[in-house]
Amino acid sequence: FKKPVTAGDQLVMTVRLESVTFTSGDGATPVPSYLATPDRDGPHPVVLILRGVAGPDDGYTEIARRLAEWGYVALVHGWKVRGADPTDEPVYSDLQGAMSFLGSVAQADLKRLAVFGFCRGGVHALMAARAHAEIRVVVVFHGFAFRPAGAQPGAEPYDLAGGVNVPMLVLHGTEDERAPMADM
């Protein structure tokens, strides 16, 4: 859909939010996602949004839509196709597919690429930053510093963070019951 953005009585910008599907880097798995773009010529900086396990799609698509209003191309990566606790290998493949897909978006300027990771998506943001040199900044919202008990084995987020060579902002609430500050 296209939604006009107004400031007072003036039309500022229109954005396009659409369902898209890209193919994972494994060459086989379709990954349903959402793409938000400013309705004007680009190229525009890009934000890859890596969602958490919980939360409705419309919360993440609202973030993407707002980013597009501000002049960004935003892809909400649909990694939940892998379930709530995927192993690292398919996550890396899906991130590769997302990067390839973004490379095909004419309005996207991959020289100005950020990754936002929410909750479990914060772990994936660290994985992405280590695997894709084109990523310029990482923002993690209430991410985990450790893998929860019973989770699939893999690299610990705090170990991954040590290999991130771009600016990183980590935002975490002091009252998060699943990931208390003392453990962060």
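The values are calculated or read from the model by the stated rules, or taken from the named source; none is laboratory data. Keep in mind that what you see is a predicted model, and the values were worked out from it rather than measured. As a convention, Cβ positions derive from the backbone with ideal geometry for all residues, glycine included, and neighbour counts pool all protein chains shown. The accessibility values were calculated without ligands, DNA or RNA, using every heavy atom of the protein model including side chains. Shrake-Rupley method; radii C 1.70, N 1.55, O 1.52, S 1.80 Å.
Some points to look at:
- Once the C-beta distance of Thr87 and Thr21 is scaled by a Förster radius of 30 Å, the resulting FRET efficiency is 0.85 to the nearest 0.05.
- The amide H of Val20, built 1.01 Å from its N in the peptide plane, has Ser33, Tyr34, Leu35 as neighbours under 5 Å, considering only residues 5 or more places off or on other chains.
- Estimated FRET transfer efficiency (Asn165, Met13; beta-carbon r; R0 45 Å; 0.05): 0.85
- Note, ³J(HN,Hα) from phi for region 146-159, Karplus 6.51, -1.76, 1.60, rounded to Hz, x at Gly and Pro: 9, 8, x, 4, x, 6, 4, x, x, 4, 6, x, 5, 6
- Applying 1/(1 + (r/R0)^6) with R0 = 45 Å to the Cβ-Cβ distance of Glu177 and Arg136 gives a FRET efficiency near 0.85.
- Percent accessible area from carbon and sulfur atoms, the chain, protein chains only, probe 1.4 Å: 53 percent
- Estimated purely from DSSP H runs of n ≥ 4, each contributing -39500 (n - 2.57), the mean residue ellipticity at 222 nm for the chain is -7500 deg cm²/dmol once divided by its residues.
- The residues neighbouring Thr29, those whose beta-carbon lies less than 13 Å from its own, together hold a net charge of -1 under the Lys/Arg +1, Asp/Glu -1 convention.
- Most simply put, the chain has about 45% antiparallel DSSP beta bridges, counting only bridges with both residues inside it.
- The candidate values are (1) 10, 38, 35, 14, 3, 0; (2) 9, 36, 39, 16, 0; (3) 9, 33, 32, 20, 5, 1; the one derived from this structure for P(r) over Cα pairs in 10 Å bins from 0, in percent carries the label (1).
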